[in-house]
Amino acid sequence: MHEHANLVPGRREAAVEVHRPTPLAPVPVVPVQPGAIPSVTSVVLPDGRVVTGYALEPPKPEPAATKPPVSRAAVNIALGGIGFGAVCGGLFLLTAFITALTALITQLITLAAVVFGGWVAVQVFSASGHSGGNTFNIRKAVFKRNHFHG
């Protein structure tokens, strides 16, 4: 069978041959019988009626896929990484603690020097004003054989 499509006058085109598929014969469907015939079950309802039918098994879930075993090398590498991180964190905290403790000690020494220096200054400048209590006059102090005599 030849069909000509879109013929334009004065122009020749090649004829197009159309093939129509032939249907195949249907494949017969064979019903599959169950391996074992299920047993018939009868149930008596509370109002006295009897219901008879086949007992159906509930569908069983697919078995869970087993996980592949984890190699000991992978476990050791993971634990080593966790241990390394813990040690680094501990060293960082220790360094921060030592730095803070050094700053605290420096501030306490500075505070003690300021307080002691202030006390000495008060003693020096107030000694000439009154004649009672402890007198601490640096200009008149005498040191003999590493002993102070005031």
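The values are calculated or read from the model by the stated rules, or taken from the named source; none is laboratory data. Quick caveat, the model's predicted, so the values are computed rather than measured. Neighbour counts run over all protein chains shown; Cβ positions are idealised from the backbone, glycine included. Side chains included, ligands, DNA and RNA excluded: accessible areas come from the protein's heavy atoms. Shrake-Rupley method; radii C 1.70, N 1.55, O 1.52, S 1.80 Å.
Would you check if THR110 is in contact with a strand residue (DSSP E or B) (Cβ under 9 Å, 6 or more places away or on another chain), modelled with pLDDT of 80 or more and not charged (D, E, K, R)? No. Sort out which residues of the range 44-71 are hydrophobic (A, V, I, L, M, F, W, C), open to solvent by 100 Å² or more (accessible area, probe 1.4 Å) and assigned to a loop (DSSP other than H, G, I, E, B), and write them in order of number. LEU56, VAL70, listed by residue number.
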